[in-house]
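The values are calculated or read from the model by the stated rules, or taken from the named source; none is laboratory data. The model shown is predicted, which means the values in this text are computed figures rather than measured ones. A quick note on method: Cβ atoms are made from the backbone with ideal geometry, for glycine too, and the neighbour counts reach across all protein chains shown.
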Amino acid sequence: MNMGDTGSESLNALATKALNPVAKMISVPFQNNLNYGVGPDDDTQYVLDIQPVVPFTLSENWNLITRTIIPIVSQRAAGPDQSSKDGLGDINSTLWLSPAAGHDLFWGVGPTFTVPSGSSKELTSGQWSLGPSAVLMWTPGRWMVGAVANQQWSVAGWRDQNVSASYIQPMVVYHLPDGWYLASVPVITADWKADSGDVWTVPVGGGAGKVLKIGHQAMNLQLQAFYNVEKPSAGPDWQLRFQFQFIFPK
């Protein structure tokens, strides 16, 4: 079977699956993030997040959805005691147990964990972390509304600074004809170990995307921009995100 062959499935139906974190479909997003205004010198940081999603059938009623985030980072020195670095960041994996049947409402729950795989001290927390994760998606008509959320705590590591961090990714999507859609999918984070004024990163913004076919290969292209209304003192002012995602409907 050619996994890239979409058959007669409509572009809008593919877009719904491509944007649903717990859809039973293999996909490989390449998310390019440009963060502007980082640190005291207003530097630019580039992060490529490779995020393969692979579903497994556990039974007639249940699926296991796996998502792994592999960050490739290029950043300038963030302070006088640091240097510019390019390399691998900490890898995060999430496993969601999700019902196989779903019409307008989809959900999943399971563990998430982060491996201190960063290729240098500037690119890693130095901590093994884990915690719970959940996803809830509602897809009435042309709309998709939902969120992914997790909380992680460090359990072991070589650095003195422990980890307690929250991740919230709300999603609002409106589908247009021919595979086009409008979307706002910001990533809100909280570092509970940071100083009181540096805990939250809260972006506001959005953009548009389109699902298309190149030959038999289905792809999802997306462009979004976000301004951080709340951020740590050394955090970026705004972010430009471009994502291309290979999707493999069965």
Any chance Ser196 is of a type outside the set (A, V, I, L, M) and in contact (Cβ under 8 Å) with a residue 24 or more places away in the chain: no
Quick one: in segment 98-115, which of the residues that are in contact with a Phe, Trp or Tyr (Cβ under 6 Å, 6 or more places away or on another chain) and surrounded by 14 or more Cβ atoms within 10 Å (Cβ to Cβ) is nearest to Val148 (Cα to Cα)? Gly108
Of the criteria (1) at pLDDT 95 or above; (2) over 16 Å from Glu122 (Cβ atoms), which one Leu88 fails: (2)
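Against the definition (surrounded by 14 or more Cβ atoms within 10 Å (Cβ to Cβ), on the phi < 0 side of the Ramachandran plot and touching a helix residue (DSSP H, G or I) at 6+ places or on another chain (Cβ under 6 Å)), how does Gly118 come out, yes or no?
No.
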Residue count, segment 159-203, condition closer than 18 Å to Ser233 by Cα, surrounded by fewer than 15 Cβ atoms within 10 Å (Cβ to Cβ) and of a type in the set (S, T, N, Q), comes to 1
Of the residues in segment 204-250, those that are assigned to a loop (DSSP other than H, G, I, E, B) and surrounded by 15 or more Cβ atoms within 10 Å (Cβ to Cβ) number 5
Of the residues Gly207, Gly197, Gly146, which is more than 22 Å from Asp49 (Cβ to Cβ), out of contact with any helix residue (DSSP H, G or I) (no Cβ under 8 Å at 6 or more places or on another chain) and among the small types (Gly, Ala, Ser)? Gly197
Return the total of residues in segment 184-203 being part of a strand (DSSP E or B) and over 21 Å from Pro21 (Cβ atoms). 2
Selection over segment 100-131 where residues are over 21 Å from Lys24 (Cα atoms) and either assigned to a strand (DSSP E or B) or of a type outside the set (A, V, I, L, M) (or both) yields a count of 18
